[in-house]
Amino acid sequence: PSSALYLPGVAPIEYQEGGRVELKVNKLTSVKTQLPYGYYSLPYCQPSTIMESVENLGEILEGDMIENSPYEVFMLQNTSCKLLCKRKLAPEDKNKFESMIDDEYLVNWIVDNLPAATRYVKKGQKSGGTTYMNGFPVGINRNGHYHIHNHVSLDLKFHTSPNEYEGYRIVGFEVEPYSMLQNNNGGKVSCPDGTNYPSFELAPHDEIIYTYDVQWSESDVRWASRWDNYLKMTGGQIHWFSILNSLMIMLFLSGMVAMILLRTLHRDITKYNELASAEEAAEETGWKLVHGDVFRKPRHSKLLAVSVGSGVQIFGMSFVTLVFALFGLLSPAHRGALLQCCLLLYTFMGIAAGYVTSRLYKMFNGVDWKATTLLQAFLYPGIFFSIFFVLNLLIWGQKSSGAVPFTTLFAVLCLWFGISVPLVFLGAYFGFRKPNIELPVRTNQIPRQIPAQPWFMHPVFTCSVGGILPFGAVFTELFFIMSSIWQHQFYYLFGFLALVLVILVITCAEISIALTYFQLTSEDYRWWWRSFLSSGSSAVFVFMYSIVYFTSRLQIEKAVSTMLYFGYMAIMSIIFFLFTGSVGCIAAFCFVRSIYGSIKID
């Protein structure tokens, strides 16, 4: 009965006593360089034939290389100091080890879909709190002497429940790495006893011996909650604090918008509708004056329509991805699932992008619909793909396993040209078939003169004010998302992320409505681009924050790694720009349409 609860692809495996448990190896990763390498690029023991595990698109894009290993692990069979192999070390092998240790590379292993964790005891705590780190270091550098971790102790934890299932399930996988000089007596290898043993130093030795222990212990942890140790790495209180902070910003803005709508607008509309005499009409001021220009086609209307369409596409992708994530379909146990889900959804949301763009462009009385649709299909995806392609060439030049193979790039291009582009055209076809969006007021032939504006209505000022609030609503969550990408931590708090996304959308909509209203009251009717940029400018703050994060949190020194970081952060910032801008623009449009629909115009 309980098996019905497990999600597809992560059903528990029951092992019988003495059954073979496979230990797989993944890429070597480093926070300092952000360039992953294949496990067998270092002189480790290799199996007779190296086989790669079948991977999904997301795993390949993340640079995962999951391969088999020569380690022999059998259920419930403890071994100590088992010889894995002996390897001769050539000078170039030593150089490789030394540069990997300098760059703080970590080894990542997998048993039964659980990544290897190293347990650290926090000092100074009476309870001896432990924290877990993903993977274990290749070696350590002590005062210029390099020591390789050539002996590992595998701590495997199993759970058994004879009433529910037969056999044993693996619920924990910890690795304790050691650097030790084994005793080699005539081909028989033994490990030194006690804690005070000599460690294996790289320089004086030309041969390295790899050994390992396997220790099985029973655990009370159930299979369903075996990921909890990995996910404890970040605290939840900070999230609640950040959400409270975001809610305060949102409430402040909601209050402001409510005040505008209720007090001011209500007063304005009754006043405008009561104005009868010509003398009063002659002295009119305020937003009613610009009714003949408020829906005038903006400059670069094609680009605006395309940007709003792309923003809607990203909004749809984020929304559906979060729904999947909240249902637990994108847990860290599915490697690469999140990225793959985003890619496919972005592709399929092309239909929404085409539809929104065509509706807007038709409202601007645009005639060049083929060019607009082509621009929608190729402009922003083209920017993303070209940045990605250039970065990929740089990674490829570093011979890193993080480089996406050309076959996968071809698959991504097929997704784009084969699915996304036709869907954009389909959406545009439906959009252009529909009648025009009805506007409450007619646009005059001759544009009205705009009076001189006060300094605080200058676009640069309104945009910087408009951008700070949405950024303020998300920046704590942004910190955790960036740590999960660049510090290789697990991100799983999708509930918090969904809340933050809702707050972000409301904040963007409100700030855009408020600024548009202030702009119209000072008789400036050029609100189309202003409403898009005022909330979209929060992306500038996101990029500025990524610079602060880079200097304060990361120890990246290599030029390629720096370019990688800023390249990917630029893509993230553009995505954020389109998302927040389109929300602001659509909200402002609905607002303007409703206020001009509520007054009588002769």
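Send over a whole-number figure in Å² for the accessible area per residue of segment 375-440, probe 1.4 Å.
52 Å²
Rounded to the nearest Å, what's the spacing between the alpha carbon centres of segment 100-121 and segment 402-468? Just the number, please.
After rounding, the separation between the Cα centres reads 44 Å.
Sort segment 358-468 into rounded, prolate or oblate with this rule: let a ≥ b ≥ c be the square roots of the eigenvalues of the Cα gyration tensor; rounded if a/c is under 1.5, and if a/c is not under 1.5, prolate when a/b is larger than b/c, oblate otherwise.
The shape class here is oblate.
Please give the contour-minus-distance gain from Ile140 to Ala11: 0.36 nm per residue of separation, less the Cα-Cα distance, rounded to one decimal in nm.
Separation in residues times 0.36 nm, less the Cα-Cα distance, equals 42.7 nm.
Given a cut-off of 22 Å, name the pairs among Lys88/Lys558; Lys24/Lys82; Lys32/Lys94 whose C-alpha atoms lie farther apart than that in the structure shown.
Lys88/Lys558
Using each residue's phi in segment 499-513, evaluate 6.51 cos²θ - 1.76 cosθ + 1.60 at θ = phi - 60° and report the 3J(HN,Hα) Karplus result to the nearest Hz, with x for Gly and Pro.
4, 5, 5, 4, 4, 4, 4, 5, 4, 4, 4, 5, 5, 5, 4
What Kirkwood Rh does segment 25-83 have if only Cα atoms enter the pairwise 1/r average? Answer in Å.
Across segment 25-83, the inverse of the average 1/r is 13.5 Å.
Under a plain spin-label model, where a point goes 7 Å from the Cα along Cα-to-Cβ, how far apart in nm are Arg299 and Glu22?
My value for the distance between the label points is 6.2 nm.
Pulled fully out, how much extra length does the chain show between Leu262 and Tyr132, if you take 0.36 nm times their separation in residues and subtract their Cα-Cα distance?
Answer, rounded to one decimal: 41.4 nm.
Across bins of 10 angstrom width beginning at 0, how are the C-alpha pair distances of segment 447-602 distributed, in whole percent?
Pairs per bin, as whole percents: 10, 34, 28, 16, 8, 2, 0.
If you plug each phi of segment 193-204 into the Karplus form 6.51 cos²θ - 1.76 cosθ + 1.60 with θ = phi - 60°, what whole-Hz ³J(HN,Hα) values come out, in order, with x for Gly and Pro?
8, x, 9, 9, 10, x, 9, 7, 9, 5, 4, x
Hey, got the Cα dimensions of the chain along the principal axes, in Å, largest first?
Result for the chain: principal-axis Cα extents of 112, 52, 47 Å.
Please give the length that would be gained between Lys399 and Gln46 if that part of the chain were fully extended, namely 0.36 nm times their separation in residues minus their C-alpha to C-alpha distance (nm, one decimal).
Going from the current span to full extension adds 125.1 nm.
If I compute solvent accessible area with a 1.4 Å probe over the protein chains, what percent of it on the chain is carbon and sulfur?
So the carbon and sulfur contribution to the accessible surface is 62 percent.
With r as the distance between the Cβ atoms of Phe417 and Glu176 and R0 = 51 Å, compute the FRET efficiency 1/(1 + (r/R0)^6) and round to 0.05.
0.55
What FRET efficiency comes out for the pair Ser386/Arg526, r = Cβ-Cβ distance, R0 = 30 Å, nearest 0.05?
It comes to 0.45.
The values are calculated or read from the model by the stated rules, or taken from the named source; none is laboratory data. Everything quoted here is computed from the prediction, not taken from an experiment. Reconstructed Cβ throughout: ideal geometry from the backbone, glycine too, with neighbour counts over all protein chains shown. The protein model used for the area step is the full one, side chains on, heavy atoms only, and it has no ligands, DNA or RNA in it. Shrake-Rupley method; radii C 1.70, N 1.55, O 1.52, S 1.80 Å.
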